[in-house]
Amino acid sequence: MPSNIFSYYTYGSYTIKSINQCAPNKIPIILYNITRKNLTLQLKEIGIRASNIQTFEGAEIIVPNGEMISNKVTNWTLSNKRMRPENVTGVAFKLDPHQVHDLLLSILDNHPEILKLPEPGIFLTSMGNNSLDFKINFWIADFIDGKRIRSEVLFKIFDVLKENGIEIPFPQRDLHLRSVDQDITIQASNSKKKN
């Protein structure tokens, strides 16, 4: 039975996941999953000068090997496969930030795939132009599940904020007029008199 050894690397704009499938008395076969500019790719074949990469949509890309090995390498799984996803959520200024903090923390505490250690973090990062902005950090055991878990957390944040009547603000701008056409002023004052 082959054993799988996972390794994730970053080559410049590439993130490479290698799976070394080793069977007894066999030469290891190396497969790669590569992320480049938000595309996830699988390395199908390594040639002498170029490698054949296939997208999950089925397109094939030929990449010169020099482009893949000439940059700094970051190993994503040298000691573990944990990942810390991050979400940013804004709420209206009129809300109590302590209440929002507690609601967000309860979402993270109740998700079964979010690690208890290191503890999740909820940080009030800014009082922005339109909202109180919170950064939500948490750790998961396997970064392969990162997009799914991050999406689940975002859906739950939306549901919990909606259930508690907490408004997610939209960008607002104040408009100051230096001069107004007199016809507009007269029409506005006439409509107020009718009401």
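The values are calculated or read from the model by the stated rules, or taken from the named source; none is laboratory data. Remember, it's a predicted structure, so these values are computed and weren't measured experimentally. Neighbour counts run over all protein chains shown; Cβ positions are idealised from the backbone, glycine included.
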Given the condition out of contact with any Asp or Glu (no Cβ under 7 Å at 6 or more places or on another chain), at pLDDT 90 or above and farther than 17 Å from ASP145 by Cβ, answer yes or no: does some residue in the stretch 76-86 qualify? no
Can you go through ARG173, ARG148, ARG84 and tell me which one is of a type outside the set (S, T, N, Q) and in contact with a strand residue (DSSP E or B) (Cβ under 8 Å, 6 or more places away or on another chain)? ARG84
Out of the residues in the stretch 80-103 that are in a strand (DSSP E or B) and touching a helix residue (DSSP H, G or I) at 6+ places or on another chain (Cβ under 9 Å), which is nearest to ILE168 (Cα to Cα)? VAL91
Report yes if SER106 is assigned to a helix (DSSP H, G or I), over 17 Å from the mean Cα position of the chain (by Cα) and either of a type in the set (Ser, Thr, Tyr) or modelled with pLDDT under 90 (or both), otherwise no. yes
